[in-house]
Ligand SMILES: [Zn+2]
């Protein structure tokens, strides 16, 4: 669909031909605003939602369209399994959009900060398109994921002293001086990742809660955008409550939401690497999503994530990362009615 970009902070607007993902005036993140109202098709297939994505030339890579399975342990829990994406995480949904945009704007290199999954996903699609990738990784990242990226996808690795937030600043600086397309948790990715919300609505139309692991909070704010579309189209009457989950050792969003304050940086201390983000880029938007759905935010301990990781393996034979089992650990803490139906996002399986 036709669109323009709007800065979330200063409100500055940019046409779709603007070839960056941050505001040219204040460097804040941008939001894709559509110039029309497309209908959400009743579908479980990623590319059926193309009309709800930024107008672009997309190659229809196999992505998204993931299954939802009923938990064998809890009668009102349903697992949205993102492990079947090509690089085993939901990030692929956003990467196909970002890479297509990078191509459209004529870039031959992208720069990205990552805790692992993001770089793996972007490098996978960039290699298919012949675009170079520079990855910025903080020390908190998972070293096995990095090895994969290096060996298989010819990505250039920049180790950064510090955590993801530091790596993100380095990636932005590198992009501005080298002419690479700054990629990662920005506006175009959000448009791909929101499709998780459309698919859940097609698979579990009467969901009362959706539990989402939160690192940079792009996924939860994307799902909120999808829920607003679904309500606008009359597909859902009432929005499911969004439940944001973070690890106890890195929970800046949970703390901000539960104390009605703004998000403050917190040094990550968790082995759930995929959500080890000290300052979520989409933090303000995530808080809006929680308020907008009468949702809630909760922390889970390392022990709880590890226990559910094992339970998921025993019940379903799936090896999931801790950011994924975090959602089931959070499910255990919800006060639910018998009639409630909960979707938990099993976000990735790069262990
Ligand atoms: Zn701005």
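Each reported figure results from applying straightforward, stated rules to the coordinates on display, with no laboratory input. Note that the coordinates shown come from a computational prediction; the quantities given were computed from them, not determined experimentally. FYI the Cβ positions are ideal-geometry reconstructions off the backbone, even for glycines, and counts take in every protein chain you see.
What to note about this one:
- Sum of -39500 (n - 2.57) over DSSP H runs of 4+, divided by residues of the chain (222 nm, nearest 500): -11000 deg cm²/dmol
- DSSP beta bridges confined to the chain are antiparallel in about 30 percent of cases.
- Centroid-to-centroid separation of segment 12-62 and segment 166-243 [C-alpha atoms, Å]: 12 Å
- Residue separation of residue 69 and residue 303 scaled by 0.36 nm, minus their Cα-Cα distance, works out to 81.8 nm of gained length.
- Relative contact order (percent, whole number), the chain, Cα cutoff 8 Å, 6+ residue spacing: 18 percent
- Highest mean packing comes first when the peptides 296-303, 115-122 are listed by Cβ atoms within 10 Å, giving 115-122, 296-303.
- Approximate spin-label separation residue 50-residue 158, in nm, with each point projected 7 Å along Cα-to-Cβ: 3.4 nm
- Residue 336/residue 25 FRET efficiency (R0 45 Å; Cβ-Cβ; nearest 0.05): 0.50
- Our Cα-only numbers for segment 74-184 put the radius of gyration and Dmax at 14.4, 53 Å.
- Each principal axis of the Cα cloud of the chain was taken in turn, and the coordinate range along them, longest first, works out to 55, 43, 39 Å.
- Ranked by the mean number of other Cβ atoms within 10 Å of their residues, highest first, the peptides 32-38, 17-23 fall in the order 17-23, 32-38.
- Segment 248-344: radius of gyration and largest Cα-Cα distance (Dmax), Å: 14.1, 40
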